[in-house]
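Notes follow the structure.
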2 protein chains.
Amino acid sequence: MIRVLLAEDQSMVREALATLLGLEEDIDVVAQVARGDEVVAAAREHAVDVALLDIEMPGLTGIDAAALLRKELPQVKVVIVTTFGRPGYLRRAMEQGADAFLVKDAPAAQLADAVRRVVLRGEKVIDPTLAAAALAEGADPLTARERDVLRAAADGAVNSEIARALHLSEGTVRNYLSTAIQKTRARNRSEAVRIAREKGWL
Amino acid sequence: MIRVLLAEDQSMVREALATLLGLEEDIDVVAQVARGDEVVAAAREHAVDVALLDIEMPGLTGIDAAALLRKELPQVKVVIVTTFGRPGYLRRAMEQGADAFLVKDAPAAQLADAVRRVVLRGEKVIDPTLAAAALAEGADPLTARERDVLRAAADGAVNSEIARALHLSEGTVRNYLSTAIQKTRARNRSEAVRIAREKGWL
DNA sequence: TCCTGGGGATGACAGATGTCATACCCGCAC
DNA sequence: GTGCGGGTATGACATCTGTCATCCCCAGGA
C-alpha cells in the first residue's frame, strides 16, 4: 500500500484528487494539506511514501516544499502536480529533487501511474515534450535580485515604492528592471513579467 | 438520477471531479468537455439536467456558455465552479442566469449538495460572503471599450500596438487607459489590470 | 593578482505614459 | 429639440520609465 500526502490549496480539487486516488487498490491518501509550509510536518507525521505537491500554494511553493522534503525526509518521493508546465518550474522542481512532474492537463490515469512508477520502481516521470521544452529554453537568466525587483513590479508598483520595499535607491530599481527587461527580451516591465511568468522564472 | 455535464479544461481536475460526483448514488456525469464552446452541443446531445462550468476555459468562458445555455436550453441548470470568487464573475454569472456559484476553495461536499439543490429544489446557491462582497463592490464601472483597451494592455502591449489592434488612434488609447486607470483607482495600467482582474471585470 | 559576476548607486537623457481640455458623432430617452 | 452616455480624436504638457555610462564593493576562482 503506497502512502500518499496531497498538498493542494483548493479544497474541492484536493478532495476530488484524493477520492480518485483512493479508488486505487494499492494507494492510500493518508494526509492532505492546503499550504506548502505544512508539507514536511504532515509527511513526517503520516510516514508517507510520496508527496503530491501543487506548486502555487500559500505558505511555501510546492518546489520549495520539495527541497525541504529532500533535506529532512530524503526517502519520501516527490511528484509535482501543476497547472502550468512552465520550463522554469520543471527545471527548478527537478533541481530540488522532484521525482515526477505532471500537469493538470494530463489525463487523470497518469497520476496513479506516476505514483507507482516513482515509488515502486524508482523512476523519474516527466512528459518528454515538457522536458524537451525546458532543456531548449535554457536556464533562468535573471539574478536573484533582478527577480526580486521584477516580482515587486509585477502588479503595478511604481519605482519609488519598489525602492522603499527592497531598500534600494530608485535608480537601482530602474537599473534592475532595465536589465530584466533586456534579459527577457521584453519591451517594458509588464511584458518582462509576463514572459518570466510563462517561463516559470518568477 | 441527475444527469450532469462537466466543463473544465484541466483533464486531471475534470476527471477527478467526475469521479467524485460519480460516487453519488443519485448523480451521473454523462458528459465532459474541455472547452466553453462545446458546452451547448454536449448539453443538448446528452440531455443533461445541469451543467457544471469552470469560468476560465478556451473557446468560451463558463459565464458566456451559461448565457448560451439559458438561451438555447433554458431548462438546463447552471452551476459555476471557479478558482476565483471575484465579485464581477459572480455578478455576471448570475446576470447570465447561473443557478449556483461555487469556488474551488469550498469543500468537495458542497458540489453534490449544490447540484441537488438547484436541480431538485430549484434553489439558487451562493456563498453569502461572496454575495455580500459582490453586492458591496458595485457594478463594473468600465465601458466595453475601456475593457477592450485595458485587456489589450494587460500583458505589456505598447500604445501604438494597441491602437493598431483595435483600430484606434494612439491618443484615444491613452484616453481610454487614463479613464480605466481612474475608474479602478489605480496609478498605472498594470495596477488597473490587476484591480480589474481581481474584481472579475476583465 | 586579476578577472568575473553579482549587488548597489548616481546622473543625463530620450521616449513612453498618463492627464486634461476640447471637439465631434451617434443613438436613445424624455 | 435637448441632454446624456459612449465612442473617437487632437494637442499640450508633466511625469514616469527605460537606457546607458560610469563608479564602487565584495567574493570566488584561476
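The values are calculated or read from the model by the stated rules, or taken from the named source; none is laboratory data. For clarity, every value in this text was computed on a predicted model and none was experimentally measured. Positions of Cβ are generated from backbone atoms using ideal geometry, with glycine treated the same way; all protein chains shown enter the neighbour counts.
Data for the structure
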| item | result |
| --- | --- |
| Verdict on A:T143 being within 17 Å of the chain's Cα centre (by Cα) and among the β-branched types (V, I, T) | no |
| Scan of segment A:124-139 for residues that are acidic (D, E) and touching a strand residue (DSSP E or B) at 6+ places or on another chain (Cβ under 8 Å), ordered by number | A:D127 |
| For A:A112: the one exception among (1) more than 22 Å from B:T83 (Cα to Cα); (2) touching a Lys or Arg at 6+ places or on another chain (Cβ under 9 Å); (3) in contact (Cβ under 8 Å) with a residue 40 or more places away in the chain | (2) |
| Those helices (runs of 4 or more DSSP H) lying entirely in segment B:95-202 with at least 2 residues away from every other protein chain (no Cβ under 11 Å) and crowded, with 19+ Cβ neighbours inside 10 Å | B:109-121, B:144-153, B:159-166, B:170-183 |
| Single residue of segment B:12-41 satisfying the filter (among the small types (G, A, S) and surrounded by fewer than 17 Cβ atoms within 10 Å (Cβ to Cβ)) that is modelled with the highest pLDDT | B:A41 |
| Residues of segment B:20-40 classified as assigned to a helix (DSSP H, G or I) and charged (D, E, K, R), total | 2 |
| Residues that are under 16 Å from the mean Cα position of the chain (by Cα) and within 13 Å of B:M12 (Cα to Cα), drawn from segment A:102-129 | A:L102, A:V103, A:K104, A:D105 |
| Those residues of segment B:155-190 which are charged (D, E, K, R) and within 8 Å of DNA strand C (Cβ to nearest atom), in sequence order | B:E170, B:R174, B:R187, B:R189 |
| Some residue of segment A:89-112 being under 13 Å from A:I27 (Cβ atoms) and among the charged types (D, E, K, R) | no |
